[in-house]
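Down below is the structure, laid out as C-alpha cells.
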Amino acid sequence: MKKRLINYVKAISLPVGVYILFSILTGGSFGSMTTFLSIVRTSIVPILLGMSLSFGMSMGMWNFAAGAIIYNAAIFSANIADAMGLGIPGIFLFAILVAVLSNTVMGIAYNLFRVPCMVLSLGFAMIYEALPHFLAPDAMGRISILEGWMADLPWCLIVVAVMFALFYFVNNRTTLGANINAIGSNIAIANNAGVNIDRVKLLSFILSGFFLGITGAMYLFVNVSVQAVTGFSSVSIIFDSMMGIFV
C-alpha cells in the first residue's frame, strides 16, 4: 500500500508540477481559473480515450483504430439520432453500439488471424476511416450548438467521474480486470494458471468499445461538427491519451 501511494503521488505530482511551473513563468496568467477550466474541458476526451486504450495496452495490444472508431461513433450517432429524433440519449446509445460493434469485429479478427494488434488495428483504421465517406451524408456528423451542453461543466466532469468509477471497478473488483492484469504481467504464467487468453482479450475489446462509444459521443459534443478523415489522420487523436497511460 505504501508503494502504491508513493506511485500515486508521483503520477499526480508531474502534471501538477508542470502546471505550477507554467503559472510562475507566465506571471500567473496561465494559472487563471478561466485557463484551468478550459484545460479541464479539453482534457475530457483524452481521459476517456486513455481509459479505453489502457485495457489493451496493459496486455501489450496497441489499438491504432481507436481514433477511427471515435470518428465513426460520433458521425453515425449524430446522423441516426437526428433521423430518429432521439437527441442526446440517442447519440450516447448509437455511439456505444457503433463503437462496441466495431471493436468486437476487430477483437474477433485478432483471435482468428493471430496478427499483432498494432498491424491489425492499422488495417482496420483504414477501413473504418473509409466508412463515413460511403455511409454518412457529406461524411459528417453534426449537432446543434444547443445540444453541445454535455461538453460544458459540470456535465462533462460527471461523465468522466461515472466512467472512471466503472473503470476502477472493472480493474480492481472483477475477475476480468484481474485476468487482464495477469496477462499483462506474464502471459505464460496466466495461461498456465488457466486464464482463457482469447476470451479475456475479446472481452477487453468489447469493454474498450463501450468506453470508445462514450468517448465518441463526448467528442461530438465538444466539437459539435465532426468531419470524417482519411490517410490515418484519425491515429493522431490517440497519442495524448497514450502519454497519460504511460505516466
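The values are calculated or read from the model by the stated rules, or taken from the named source; none is laboratory data. Because the structure is predicted, anything quoted here is derived from the model rather than measured. Don't worry about glycine lacking a Cβ; one is built from the backbone with ideal geometry, like all the others, and counts go over all protein chains shown. Note: accessible area is taken over every heavy atom of the protein model, side chains too, but ligands, DNA and RNA are not part of it. Shrake-Rupley method; radii C 1.70, N 1.55, O 1.52, S 1.80 Å.
Identify, from the list 54, 23, 38, the residue that is surrounded by 13 or more Cβ atoms within 10 Å (Cβ to Cβ) and either within 26 Å of residue 236 (Cβ to Cβ) or touching a strand residue (DSSP E or B) at 6+ places or on another chain (Cβ under 6 Å) (or both). Break it down into steps so the answer makes sense when it comes.
Numbers: 23 fails: either within 26 Å of residue 236 (Cβ to Cβ) or touching a strand residue (DSSP E or B) at 6+ places or on another chain (Cβ under 6 Å) (or both); 38 fails: surrounded by 13 or more Cβ atoms within 10 Å (Cβ to Cβ).
Just a single option satisfies the conditions, and that option is 54.
Among the residues of segment 233-247, which ones are in contact with a helix residue (DSSP H, G or I) (Cβ under 6 Å, 6 or more places away or on another chain), within 26 Å of residue 80 (Cβ to Cβ) and open to solvent by 10 Å² or more (accessible area, probe 1.4 Å)?
235, 237
Among the numbered criteria (1) open to solvent by 20 Å² or more (accessible area, probe 1.4 Å); (2) at pLDDT below 95; (3) touching a Ser or Thr at 6+ places or on another chain (Cβ under 9 Å); (4) in a helix (DSSP H, G or I), which one does residue 10 miss?
(3)
Taking the conditions exactly as written (open to solvent by 20 Å² or more (accessible area, probe 1.4 Å) and of a type in the set (S, T, N, Q)), does residue 121 satisfy them or not? Write out each step before concluding.
On the way: open to solvent by 20 Å² or more (accessible area, probe 1.4 Å): no; of a type in the set (S, T, N, Q): yes.
In short, no.
Of the residues 180, 237, 214, 189, which is in contact with a Lys or Arg (Cβ under 9 Å, 6 or more places away or on another chain), in a helix (DSSP H, G or I) and either β-branched (Val, Ile, Thr) or touching a residue at least 24 places away in the same chain (Cβ under 8 Å) (or both)?
On the way: 237 fails: in contact with a Lys or Arg (Cβ under 9 Å, 6 or more places away or on another chain); 214 fails: in contact with a Lys or Arg (Cβ under 9 Å, 6 or more places away or on another chain); 189 fails: in contact with a Lys or Arg (Cβ under 9 Å, 6 or more places away or on another chain).
Only one candidate qualifies: 180.
Considering only segment 110-136, state which residues are over 29 Å from residue 79 (Cβ atoms) and touching a residue at least 12 places away in the same chain (Cβ under 8 Å). Let's see the steps before the verdict.
First, pick out the residues of segment 110-136 that are over 29 Å from residue 79 (Cβ atoms): 111-119.
Those that are over 29 Å from residue 79 (Cβ atoms) and touching a residue at least 12 places away in the same chain (Cβ under 8 Å): 111, 117, 118.
Can we say residue 76 is assigned to a helix (DSSP H, G or I), without any contact (Cβ under 8 Å) to a residue 60 or more places away in the chain and either open to solvent by less than 10 Å² (accessible area, probe 1.4 Å) or touching a helix residue (DSSP H, G or I) at 6+ places or on another chain (Cβ under 7 Å) (or both)?
On the way: assigned to a helix (DSSP H, G or I): yes; without any contact (Cβ under 8 Å) to a residue 60 or more places away in the chain: no; either open to solvent by less than 10 Å² (accessible area, probe 1.4 Å) or touching a helix residue (DSSP H, G or I) at 6+ places or on another chain (Cβ under 7 Å) (or both): yes.
It is false that residue 76 is assigned to a helix (DSSP H, G or I), without any contact (Cβ under 8 Å) to a residue 60 or more places away in the chain and either open to solvent by less than 10 Å² (accessible area, probe 1.4 Å) or touching a helix residue (DSSP H, G or I) at 6+ places or on another chain (Cβ under 7 Å) (or both).
Among residues belonging to segment 205-220 that are touching a Gly at 6+ places or on another chain (Cβ under 9 Å) and either among the charged types (D, E, K, R) or surrounded by 24 or more Cβ atoms within 10 Å (Cβ to Cβ) (or both), point out the one that is nearest to residue 171 (Cα to Cα).
Within segment 205-220, the match that is nearest to residue 171 (Cα to Cα) is 208.
So which of 107, 56 is assigned to a helix (DSSP H, G or I), among the small types (Gly, Ala, Ser), at pLDDT below 95 and more than 30 Å from residue 147 (Cα to Cα)?
Working: 107 fails: at pLDDT below 95.
Going through 107, 56 in turn, just one is assigned to a helix (DSSP H, G or I), among the small types (Gly, Ala, Ser), at pLDDT below 95 and more than 30 Å from residue 147 (Cα to Cα): 56.
Which of (1) among the aromatic types (Phe, Trp, Tyr); (2) in contact (Cβ under 8 Å) with a residue 60 or more places away in the chain; (3) in a loop (DSSP other than H, G, I, E, B) is the odd one out, the single condition residue 30 does not satisfy?
Going through (1) among the aromatic types (Phe, Trp, Tyr); (2) in contact (Cβ under 8 Å) with a residue 60 or more places away in the chain; (3) in a loop (DSSP other than H, G, I, E, B) one by one, residue 30 breaks only (2).
Just need a number here: residues in segment 146-175 that are in a helix (DSSP H, G or I) and surrounded by fewer than 16 Cβ atoms within 10 Å (Cβ to Cβ). Even if it seems obvious, please write down each step before you answer.
Step one: of segment 146-175, the residues in a helix (DSSP H, G or I) are 146-151, 155-173, 175.
The next check asks that each one be surrounded by fewer than 16 Cβ atoms within 10 Å (Cβ to Cβ); those that pass are 146, 149, 155, 157-158, 161-162, 164-166, 168-169, 172-173, 175.
The total comes to 15.
Can residue 62 be described as open to solvent by 70 Å² or more (accessible area, probe 1.4 Å) and over 23 Å from residue 233 (Cβ atoms)?
Working: open to solvent by 70 Å² or more (accessible area, probe 1.4 Å): yes; over 23 Å from residue 233 (Cβ atoms): no.
Answer is no for this residue.
Does segment 13-20 contain any residue that is touching a residue at least 60 places away in the same chain (Cβ under 8 Å) and part of a helix (DSSP H, G or I)?
The first filter runs over segment 13-20 and keeps only residues touching a residue at least 60 places away in the same chain (Cβ under 8 Å), leaving 14-15.
Now drop any that are not part of a helix (DSSP H, G or I), which leaves 14-15.
Yes, there is a match, as at least one residue in segment 13-20 is touching a residue at least 60 places away in the same chain (Cβ under 8 Å) and part of a helix (DSSP H, G or I).
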